[in-house]
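The values are calculated or read from the model by the stated rules, or taken from the named source; none is laboratory data. As the structure is a prediction and not an experimental result, all values here were calculated from the model. A quick note on method: Cβ atoms are made from the backbone with ideal geometry, for glycine too, and the neighbour counts reach across all protein chains shown. For the accessible areas, the whole protein counts, side chains as well, though only heavy atoms, and no ligand, DNA or RNA atoms are used. Shrake-Rupley method; radii C 1.70, N 1.55, O 1.52, S 1.80 Å.
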Amino acid sequence: MKINIDNLFVELPIDFKEALKTIEINGLGIIFFIDSNKKLIGSFSDGDSRRVILKETSLPKMIEKNSDFYNKKPHYLPFDCQISEIWTLFHHNIKCVPLVDNDMNVVDFSTSSRVRKFPILQPDIGDEEINNLLECANTGWISSQGRFIKEFEVGFSGYLNGGHAVAVSSGTAALQLGMLALDIGANDEVIVPNFTFGASINAIIHVGAIPVLVDVDPETWTLSLKAIEAAINKNTKAIMPVHLYGQSAHIDEINKIAKNNNLHIVEDCAEALGGTYKKRLIGRDGDATCFSFFANKLITTGEGGMVVFKDKKTADKAKIMRDHGMSPQKKYWHEFAGVNFRMTNMQASIGVAQLKKINNFLLKRKNVFQRYDKNFKSNSQLLLLPKNSWSENSYWLYTLVVSEFTEKKRDKLLKALSDRGIDARPGFYPLHKMPPYQKYSNGSDYPISSFLGTSTINLPSSPGLTFDEIDHIAQIVINELERFK
Ligand SMILES: Cc1ncc(COP(=O)(O)O)c(C=O)c1O
């Protein structure tokens, strides 16, 4: 029986028989009562119902808030408690523990088979982010003007140690604006890896260019140098290296190929902020390097992105293009048929606060990855993320390859993990297999991206995960792998 919040927590009043039915359905021998705000107000167990039947001459029709036969002091724990505290209750024969926030509102629950929900990644939003947002609201600077935009752009370039940063509404907008500002458009071919998130190729299609899908390198899971060289022809205008799962591509070699063939480099660094290549931060090499600040990224602005140009003139042009193409000097005079990719001051205000904590976030994520590695490194069924002497991962999403699993078996594993509260995800599907992109395939089987795209899983990677929680998740993965063998 699948236990979920609905068949465990019910609002009062409830029909007495309905309450018994719900206990029967969830199979735990207990339900919990909540008010309309989800505040925990009591519990009702098999034992409670037995006592009512023995005591009362006739069965009550309803259970009301003021009924005296349910438990008004049920066991519960704060949602951010240690796993060991939950286990202590299980050892005392408690089968289910509501997890509540500071206002006693139910946010999750624990059973022995599903200790709690572990989301794939939880952002870390602190007081400074909230105060900055309040400043935007209180001063009325909620759209794309206000002090935070410039501050975020300058701060971001400062973090990268150079480049000209232009803040935009998403990572996808960053890719599109980067290409628009570099005049990449109709009939231009852009080389892109077949193993990436769809936004990389969508951006190419939406600027009117033609994506050319090439396979990835098994050592880095990113663009294969041989495949790039084979794909270049007279229509090629750019290469889009994607530093997938935070692993750097071979940047120096790609730079060399681009230089020899007079090509632009538009780097997709959406997942790679904080990662390094030969000890320099990823994002300093392309003509345009593009970052995402979606909620699961190293730093977030809710939605948002940044495109960083090598050249100031192109960055200035991009700033005009992002604002409908309007001249900064002459209001409503359009210099380009532009776009509206502006970031709001509210988004930037979160970004400014997040940027101050970036090194701390990175360290926390590194600790999470290292702890998972410790659990998995000797497991012969698993391949870990690439590692080499010339780069360091950005520790975005902890990723494993379940090497001998078919796609179907991999998906069954994901479902089993989800039933145990673990929000694991599949890797990115090889682009050439999906209908909108099939026509950009070069007819090859793309063996490496096909293998990686169907046997990869991502595990919960929140920077706030404790070692106990990581060990718990890892143990469940290992147990499930055994079961699926
Ligand atoms: C590789 C890659 N490129 C581009 C993007 C697009 O970023 P956004 O979601 O901010 O548009 C993402 C988003 O996760 C990504 O993973």
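At a glance:
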{"item": "Fraction of beta bridges assigned by DSSP in the chain that are antiparallel (%, nearest 5)", "result": "65 percent"}
{"item": "Dipole of region 5-111, positive direction: furthest Cα of I5, L77, I63, with charges on the beta-carbon", "result": "I63"}
{"item": "Cα long-axis angle, helix 407-419 against the chain (0 to 90 degrees, to the nearest 10)", "result": "50 degrees"}
{"item": "Antiparallel content of DSSP bridges confined to region 127-355, in %, to 5", "result": "50 percent"}
{"item": "Alpha-carbon centroid distance for the pair region 428-455 / region 105-123, whole angstrom", "result": "34 Å"}
{"item": "Cα-Cα separations in region 56-116 greater than 19 Å, expressed as whole percent", "result": "42 percent"}
{"item": "More than 20 Å apart - percent of Cα-Cα pairs taken over region 416-485", "result": "46 percent"}
{"item": "Charge dipole (debye, nearest 20) of region 5-111; +1 at Cβ of Lys and Arg, -1 at Cβ of Asp and Glu", "result": "400 debye"}
{"item": "Proximal charge balance of F369 [Cβ under 15 Å; K/R count +1, D/E count -1]", "result": "+2"}
{"item": "Residue-level accessible surface for K377, protein heavy atoms, 1.4 Å, Å²", "result": "150 Å²"}
{"item": "Cα pair distances in region 5-111, grouped into 5 Å bins until the bin that holds the longest one, percent each", "result": "2, 12, 24, 25, 19, 11, 6, 2, 0"}
{"item": "Diffusion constant of the chain at 4 °C, which comes from Stokes-Einstein with the Kirkwood Cα-pair radius and 1.567 mPa s, µm²/s", "result": "52 µm²/s"}
{"item": "Square roots of five times the Cα gyration tensor eigenvalues for region 294-384, Å", "result": "41, 15, 11"}
{"item": "Burial order of peptide ranges 351-363, 428-440 (average beta-carbon count within 10 Å, highest first)", "result": "351-363, 428-440"}
{"item": "Projected-area average for region 370-465 over all orientations - Cα convex hull basis, square nanometres", "result": "8.1 nm²"}
{"item": "Student exercise, region 127-355 dipole from Lys, Arg, Asp, Glu Cβ charges, in Debye to nearest 20", "result": "660 debye"}
{"item": "Sum of side-chain charges, I228 neighbourhood, beta-carbon under 14 Å (Lys, Arg +1; Asp, Glu -1)", "result": "-3"}
{"item": "Peptide ranges 127-136, 62-71 listed from the most packed, as the mean C-beta count within 10 angstrom indicates", "result": "127-136, 62-71"}
{"item": "Within straight-line cross-link reach of K279, lysines at Cα separation under 17 Å, skipping those fewer than 8 residues along the same chain", "result": "K366, K387"}
{"item": "Given K117/K356; K21/K95; K17/K55; K237/K313; K256/K356; K150/K310, the pairs whose alpha carbons are separated by over 25 Å", "result": "K117/K356; K256/K356"}
{"item": "Among 403-415, 181-193, the order from most to least packed when residues are scored by Cβ within 10 Å on average", "result": "181-193, 403-415"}
{"item": "Normalised contact order of region 197-317, rounded percent, pairs of Cα under 8 Å and 6 or more residues apart", "result": "16 percent"}
